[in-house]
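The values are calculated or read from the model by the stated rules, or taken from the named source; none is laboratory data. These figures come from a predicted structure and were not determined experimentally. Cβ coordinates were reconstructed from backbone atoms using ideal geometry, including for glycine residues, and neighbour counts include every protein chain displayed.
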Amino acid sequence: PVKAALFPLVRKDRLPEKAKEIINELKYDFNIIYEERDSIGRRYTRQDLIGTPFCITVDHKTLEDDTVTVRHRDTMEQNRLHIDQLNDFIRRETSMTNILEQIKL
């Protein structure tokens, strides 16, 4: 199953290139979707409908400090994470142990 979708905020200003760099780091460990068409809101909605647990947005701040916005489908909560933390974050949040703990709550 798809674990995350990665979006550049806009299709210019080196954001797609940075997003593809991140995809290349994650694609061997997770099934990741890359999407750049339509507005960011429509991309979020499309991924919510197909059940993608996390949407990762590359924006202009990413180019400054290597952080991205991660949006959780179930809570709509958004957090900034450093690119180096993404692999561990996705692995932890999509592990069966974590899912079972959330169900118990």
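Computed quantities for the displayed model
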read-out	value
Options V10, V70, V2: the member that is among the β-branched types (V, I, T) and more than 16 Å from E93 (Cα to Cα)	V10
In the stretch 1-14, residue nearest to F54 (Cα to Cα) [restricted to those that are of a type outside the set (A, V, I, L, M) and in a strand (DSSP E or B)]	K3
Strands (runs of 3 or more DSSP E) contained entirely in the stretch 15-105, each with at least 1 residues that are of a type in the set (D, E, K, R) and either at pLDDT 95 or above or surrounded by 17 or more Cβ atoms within 10 Å (Cβ to Cβ) (or both)	67-72, 78-82
